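The values are calculated or read from the model by the stated rules, or taken from the named source; none is laboratory data. Please read these numbers as outputs of a predicted model, since none were measured by experiment. Cβ coordinates were reconstructed from backbone atoms using ideal geometry, including for glycine residues, and neighbour counts include every protein chain displayed.
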């Protein structure tokens, strides 16, 4: 309403001022006149007033609706709250609506959202990430899909493809080429995995220590590993140590699609016979601290600021039993800041959304899934 009143007043003042027989008198809306040497006196002043009018018009919605003022109504004196900040597009560049070009995905492990939201063990997630990002309140793993590995396969292929356990790729290597990273390559895009706990000297097909091959779904596809070969150069080139991420970000060498795999401690999983604790609150704190160190490196990079988005998601609910809701946070280009969405999503939704970003065909369950566009001001 503020913009419409400004436009009406400026139009009236301009037209009346131009038609006045006395350039020093400007007629008011109530019929009175007042001295005004800035309206209707010369061409330069008139042009300045049109500039002001154009600025006012520019503040209106191009579809003819008024800009959102966060629902604030004028007070009893007919004035609006001066502290109201109009809604704007929030992303790497708050002044424009960009198209997403670079995707990062971080996988967390085995926690319901209720164990993290408002938790004192997760100050970075709750106090830093949620205010600047959008999150889903109803994101779940596919119904009754447990343990971890089938959920990772689903994120890559839109189905668990018959896998129902956590065995290494040697037990479950798949011949299909209908999965995300091969879609990306066929469409001219690049991809890379950054995983903690690997050397980068071979294709990491065997779990060891805090590294779980089950958390790298790309390794289960024969076209990535040259039929489950630890010496596959294609695999070695694309599945890299996590320590390389920082330098790749600094040198703009990250891929179009980047899949980030923390180790079994930093992803909040934990495990027996490891150096990582198995107490939920401790694991949440460890994972939150890890995010506080790694996420800023992504958010501060030029490639992310230009057109990037980061998705932080858990694979499944607590103890590999619960379906959730599980954590899902979106950060970056065109994301609604501080937004909590209540649309139902699962891993098919994330896969569909990534395929939408890159203009790829939808795989299996992604064909009928709901994308995550509700979390964005513009998608993709």
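Restricting 306, 314 to residues that are in contact (Cβ under 8 Å) with a residue 60 or more places away in the chain and crowded, with 22+ Cβ neighbours inside 10 Å narrows the list to 314. Residue 232 meets each of the listed conditions (1) without any contact (Cβ under 8 Å) to a residue 40 or more places away in the chain; (2) crowded, with 20+ Cβ neighbours inside 10 Å; (3) within 18 Å of residue 197 (Cβ to Cβ) apart from (3). Condition first: over 30 Å from residue 356 (Cβ atoms) and surrounded by fewer than 20 Cβ atoms within 10 Å (Cβ to Cβ). Now tell me which residues in region 251-275 satisfy that. Correct list: 271, 272, 273, 274, 275.
For residue 243, the conditions (1) in contact with a helix residue (DSSP H, G or I) (Cβ under 7 Å, 6 or more places away or on another chain); (2) exposed (fewer than 14 other Cβ atoms within 10 Å of the Cβ) all hold with the exception of (1). Within region 332-343, residues that are more than 15 Å from residue 378 (Cα to Cα) have Cβ atoms under 9 Å from residues that are modelled with pLDDT under 95 and not in a strand (DSSP E or B) in these pairs: 338/90, counting only partners at least 6 apart in sequence or on another chain. Of the helices (runs of 4 or more DSSP H) lying entirely inside region 153-262, not one carries at least 1 residues that are under 20 Å from residue 315 (Cβ atoms) and at pLDDT below 95.
Selection over region 122-155 of residues that are touching a residue at least 40 places away in the same chain (Cβ under 8 Å) and more than 21 Å from residue 338 (Cβ to Cβ) gives a count of 15.
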